[in-house]
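The next block holds one structure in the form of structure tokens; read it before the comments.
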Amino acid sequence: MDHVNDRMDQTLPSRAQVLPRVTRIAAPSPSAPPKSPSPSPAAPALSALGLLTVLLGAALPMVDFFIVNVALPTIDRDLDAGPAVLEMVVAGYGVAYAVLLVLGGRLGDLFGRRNLFLWGLGLFAATSLACGLAPTAWTLVAARVAQGAASALLLPQALATIQAATSGSSRGKALSYYGATAGVASVVGQVLGGVLVSADLAGSGWRAIFLVNVPVAAVALALALKSVPETRSANPARIDRAGTVLLALTLITLLLPLTEGRAAGWPLWSWVLLALSPFAAAAFVAVERHGERTGGNPLLPPSLVRIHSVRSGLLLIVPFCLGFGGFMFVLAVAMQDGLHLGALAAGAALAPLCAAFFAASLLGPRMVARHGRRVVTAGSLVQAVGLAALAATFFWGWPHVGILTLAPSMAVLGFGQGFVLPVVFRIVLSEVPAAQAGVGSGAMATTQQSSLALGVATLGTLFLTLSTSIGVRDALVWALAAQLAAVALTTALSFRLPRAVV
């Protein structure tokens, strides 16, 4: 593959911000997409504090996707929500988040990633406060939808800033840290939710899981003003309105009926939306291809997906995140409704998984440099062993299953996952040109988030449906078996990744 420079950011310092100037050096070859260039000495560089800040900002949306899982029984009792509305509390956030992620990345390219990062943090804090103060169940649903939209504005800027303001081995490590943050934040969300609900700070109960975001976002905002450099695309594309609408329609018609249909009794509208989803997806693909062919500005350029690292990495993210999202939701419900554990114990049971995931993600960059994609394959196999051991623990130990009993299989599971997700995130963005950092980051985040939401919908529906007929234990084992099938697919897809990881 030819190593050619595509774009090189230059900076013009001012009192308000740093605006990048981009100079074209060489046109990329269609058959050999260029690796992102190394910034020049004058280019915006992401310091260690800046990296910590963008990772903190990125962690907030990930934490809040999962933090609500262990709080659902308490929310139900307090607001008299009912199953359908409770699922909307989860689905409203996830669908809004997934639908707007690519648009959020494009807006960062257009208006500046640091600028949008700051706006995203402010809006996330405001919507979190609205969630924490919600007087009724439907008010909470509306606030969660708004919080999902704020998350979609915030998250792509973190990835795009890393992509545009780092280079070489620093970029590889930063992307690995982002992947570690994605996995650890997801688990921490559920653990933290259990702690906060059980602590009942000042009588706040479940509301603390949202209110805690306000001071954290305020700290991230203050740090970002000092440490995050401004980057943007030199020739920002106009918003692809048709593509945005069709992508939103595709995701809504797929995710909404799957997440809400079971609780609502599978009404006619849910089947109509599901029937429409493949047609919306086909229309989106056709519009994007036409837009790129005629020199337009497609929301998700098909040429980006034709890059081997992007295509193979996104394909692998789908089954991995589908299984992970479903696992986190199903486990929270099973341990509280089946084993009758409190919110604190249900969250604490995931601590070994979190610790092992973090340890593996720290080892990942060194292992990848030596073994390439085989790290992902090995991680998938280790994850499969952990899942099988966990299913056996539940099957043979039920109902006398405690935190210590689950710890060994949880640790093995987390260790395997820690070798997969951070590495795949690094692979997906390794060959994305810096000028397309926003759209590349948005595409990856959309794939991740949509798959997480789809996992909650599919594995969650499978578990909740079976639990009423065969019991919680057997329903949980079947759900874990379904995730094991997703892990088998992940393992097979790992052989399609680039052999060497840049």
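Counting only alpha carbon atoms, the long axis of helix 213-227 and the longest principal axis of the chain meet at about 20°. At 222 nm, what value in deg cm²/dmol follows for the chain if DSSP H runs of at least 4 each add -39500 (n - 2.57) and the sum is divided by all its residues, to the nearest 500? Taken over the chain, the calculation gives -25000 deg cm²/dmol. Going by neighbour counts of Cβ atoms within 10 Å, the residues Thr139, Thr491 line up, fewest first, as Thr139, Thr491. Go ahead and run the numbers for FRET between Val385 and Trp269, Cβ-Cβ distance against an R0 of 51 Å, rounding to 0.05. The calculated FRET efficiency here is 0.75. Residue-normalised convex hull volume from the C-alpha trace of the range 107-258: 146 Å³ per residue. Candidates Ser151, Leu196, Ala137 compared by Cα position along the dipole of the chain: farthest toward the positive end lies Ser151, with charges placed on Cβ. When peptides 267-276, 293-302 are ranked by their average number of other Cβ atoms within 10 Å per residue, the highest-first order is 293-302, 267-276. Max-minus-min Cα coordinates of the range 310-402 on each principal axis give 44, 25, 24 Å, with the largest extent listed first.
A straight chain from Ala369 to Ile403 at 0.36 nm per residue would run longer than the Cα-Cα distance by 8.7 nm.
Whole-percent P(r), the range 35-155, all Cα pairs, 10 Å bins from 0: 13, 39, 27, 13, 5, 2.
In whole percents, the pair-distance distribution calculated for the range 168-238 from its alpha-carbon pairs, binned every 5 Å from zero, is 3, 12, 12, 16, 19, 15, 11, 6, 4, 2, 0. Note on Arg311 and Val214: the model spin-label points, each 7 Å out from Cα along the C-beta direction, lie 4.9 nm apart. Cβ-to-Cβ counts within 10 Å put Lys173, Lys226 in ascending order as Lys226, Lys173, the fewest first. Reported value for the range 241-298: 56 Å³ per residue, from the convex hull of its C-alpha atoms.
Treat each spin label as a single point 7 Å out from the Cα along the C-beta direction, and report the Leu276 to Leu133 distance in nm. It is 3.5 nm.
In plain terms, the chain from Leu362 to Ser303 could stretch by 18.0 nm, reckoned as 0.36 nm per residue minus the Cα-Cα distance. In the chain, the longest principal axis of the Cα atoms and the axis of helix 351-371 are about 30 degrees apart.
Under a model in which nothing but the beta-carbon of Lys, Arg (+1) and Asp, Glu (-1) is charged, the chain shows a dipole of about 1580 debye around its Cα centre. Residues Tyr97, Tyr177 in ascending order of nearby Cβ atoms (within 10 Å, fewest first): Tyr177, Tyr97.
None of the figures in this text is laboratory data; all of them are computed from the coordinates on show. From a predicted model like this one, the values you see are computed outputs, not experimental measurements. Neighbour counts are summed over all protein chains in view; Cβ atoms, including those assigned to glycine, are modelled from backbone coordinates with ideal geometry.
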